[in-house]
Amino acid sequence: MASTQRILVTGGAGFLGSHLCERLVDAGEDVICLDNFFTSQKSNVVHLLDRPNFELIRHDITAPIWLEVDQIYNLACPAAPGHYQFNPIKTVKTSVLGAINVLGMAKRCGAQVLQASTSEIYGDPEVHPQPETYRGNVNPVGPRACYDEGKRAAETLFMDYHRMNRVKIRIIRIFNTYGPRMHPFDGRVVSNFIRQALSGEPLTIFGDGSQTRSFCYRDDLVEGMVRMMNGPVDFIGPVNLGNPTEFTIRSLAEQVIERTGTKSEIIHESLPADDPVRRRPDITLAKEKLAWEPTVSLHAGLAETIRWFKGIKISEYRPPTPNY
Ligand code: NAD
Ligand code: UDP
């Protein structure tokens with residue numbers, strides 16, 4: 001039997017981080033969850049607090065921290081456009097200083113460190129679907145740049161620590177992922193539409209709804225993350241992780257309306273600046289190297305997510321606290 005790993009998950013109280021922590025704790029690993037709760041709350045991990053192989057640390061990853069671990073999943077970063085644009089300077093600091101701090105820790109401990117990068121590094125893509133070799137079309141001075149360029153700089157740092165210091169790295173590029181424990185006020189399309197549908201408010205389509213996204217259910221994504229961390233020694237990525245089935249935003253709205261049975265109407269609001277027109281991952285590399293591909297359809301994933309949204313007390317969730 002493989003020995004227990006000491007695993008740090010930064011951003012571990014967030015939507016994806018809390019599911020990853022749960023999975024690792026259930027596997028018997030020794031898990032440290034680090035979070036500053038900027039876009040999350042303790043309730044996401046409260047059920048893990050009495051597990052002997054789980055620890056929770058309130059810490060901001062822009063400041064160094066001294067821990068001894070074998071693996072690090074670096075997820076700390078606001079991910080929804082509304083959250084990362086709330087304090088764009090802090091978003092850049094979180095990506096860049098956060099990467100430097102976890103890479104320094106990995107270098108000191110000889111740990112392996114996985115970076116949660118994003119499809120946003122492709123910007124508004126001119127190549128479709130997007131393979132890892134595509135270098136992207138990012139506006140460096142637009143409102144999404146704090147996230148896109150921060151994540152691009154983090155990838156650069158990961159590669160340079162690897163080339164210069166032989167730090168064991170892994171880079172995944174995550175495409176739109178949804179599921180239970182998304183913050184109901186994060187402004188992302190799946191959480192917005194479900195919250196609006198359940199409360200009888202109009203569903204807000206930005207633009208005409210012809211823009212596309214490809215939605216991956218959180219269980220598939222967490223499986224891909226763990227496979228990448230423990231995958232072939234010489235495969236460091238970057239690798240795309242996402243569901244290649246593409247939908248228009250209008251079609252997503254229609255599916256949420258149908259599945260919730262809401263009487264909500266659809267209204268249109270203006271399209272945010274630099275909103276990507278099309279997005280779909282080419283996952284050939286993940287299939288080949290990790291034998292990974294998504295298994296949960298949007299139909300099934302939406303049903304689980306709607307069920308979770310029906311069970312939460314919306315008054316217990318607040319927009320992010322000022323964090324300057
Ligand atoms: P999330 O906002 O739920 O999780 C991010 C977590 O990081 C939160 O718990 C937040 O409080 C924490 N955090 C933010 N700044 C921090 C800081 N300075 N120090 C410590 N903790 C901090 O978002 P998520 O969807 O779970 O995303 C997790 C990671 O995956 C992020 O790095 C994100 O960029 C990446 N990602 C997610 C998606 C997606 O569709 N969910 C897509 C691409 C990339
Ligand atoms: N979107 C929308 N209505 C909403 C929220 C988002 O039409 O209430 C659109 C948004 O303009 C984008 C897509 O849905 O085209 C996905 O947005 P999200 O913020 O979820 O993620 P990202 O743009 O980062 O992929």
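Here are a few things to note about the model shown:
- Once the C-beta distance of residue 201 and residue 273 is scaled by a Förster radius of 25 Å, the resulting FRET efficiency is 0.55 to the nearest 0.05.
- Mean residue ellipticity (222 nm) of the chain, computed from DSSP H runs ≥ 4 via -39,500 (n - 2.57), nearest 500: -11000 deg cm²/dmol
- Prolate/oblate/rounded label for region 65-215 (Cα gyration tensor, a/c 1.5): prolate
- Against the compact-protein benchmark of 2.2 N^0.38 Å, the Cα-based radius of gyration of the chain scales to 0.95.
- Loop-located trypsin sites (Lys or Arg not before Pro) in region 194-263 (DSSP state other than H, G, I, E, B) with a sparse environment of at most 15 neighbouring Cβ atoms within 10 Å: 263.
- When 310, 287, 90, 151 are compared by accessible surface with a 1.4 Å probe, the order from highest to lowest is 310, 287, 90, 151.
- Along each principal axis, taking the top coordinate minus the bottom one, the Cα set of region 1-142 gives 48, 32, 28 Å in descending order.
- Fluctuation leader among 82, 207, 142 - the chain, Gaussian network, Cα springs under 10 angstrom: 142
- Split the accessible area of region 30-77 by element, probe 1.4 Å, and carbon with sulfur accounts for 53%.
- Selection from 190, 129, 102 lying farthest towards where the dipole of the chain points positive, charges on Cβ: 102
- For a straight C-alpha distance cut-off of 21 angstrom, the lysines reachable from residue 310 (same-chain residues fewer than eight places away being disregarded) are 42, 263.
- Magnitude of the charge dipole for region 267-316, about its Cα centre and with charges confined to Cβ atoms of Lys, Arg (+1) and Asp, Glu (-1), is about 200 debye.
- Amide H within-cut-off set for residue 177, under 5 Å, with H built and near neighbours excluded: 216
- Top of 243, 165, 137 by mean-square fluctuation, Gaussian network on the chain, Cα under 10 Å: 165
- The simple Förster model, with R0 at 35 Å and r as the Cβ-Cβ distance, assigns residue 303 and residue 51 a FRET efficiency of 0.80.
- Rolling a 1.4 angstrom probe over region 111-219 with all protein chains present gives an accessible area of which 51% lies on carbon and sulfur atoms.
- A Gaussian network model of the chain, with springs between Cα atoms under 10 Å, assigns the largest mean-square fluctuation among 30, 208, 148 to 208.
- Centroid-to-centroid separation of region 143-211 and region 57-100 [C-alpha atoms, Å]: 14 Å
- Residues residue 107 and residue 251, FRET efficiency given R0 of 45 Å [Cβ-Cβ distance, rounded to 0.05]: 0.45
- Compactness relative to 2.2 N^0.38 Å, alpha carbon Rg of region 127-181: 1.36
- Put a plus charge on the Cβ of each Lys and Arg, a minus charge on the Cβ of each Asp and Glu, and nothing anywhere else: the dipole of the chain about its Cα centre is then about 400 debye.
- Cα-projected label distance for residue 168 with residue 153, points at 7 Å along beta-carbon direction, nm: 2.9 nm
- Residue-normalised accessible area of region 1-153, given per residue in Å² at a 1.4 Å probe: 40 Å²
- Probe 1.4 Å, accessible area per residue of region 251-324, Å²: 62 Å²
- Given their separation in residues at 0.36 nm each and the Cα-Cα distance between them, residue 263 and residue 68 gain 64.9 nm when the chain is fully extended.
- In this Cβ point-charge picture (+1 for Lys and Arg, -1 for Asp and Glu), region 168-227 has a dipole of about 400 debye about its Cα centre.
The values are calculated or read from the model by the stated rules, or taken from the named source; none is laboratory data. What you are looking at is a predicted structure, and each value in this text was computed from that prediction instead of being measured. Neighbour counts are summed over all protein chains in view; Cβ atoms, including those assigned to glycine, are modelled from backbone coordinates with ideal geometry. Ligands, DNA and RNA are excluded from the accessible area calculation, which covers all protein heavy atoms including side chains. Shrake-Rupley method; radii C 1.70, N 1.55, O 1.52, S 1.80 Å.
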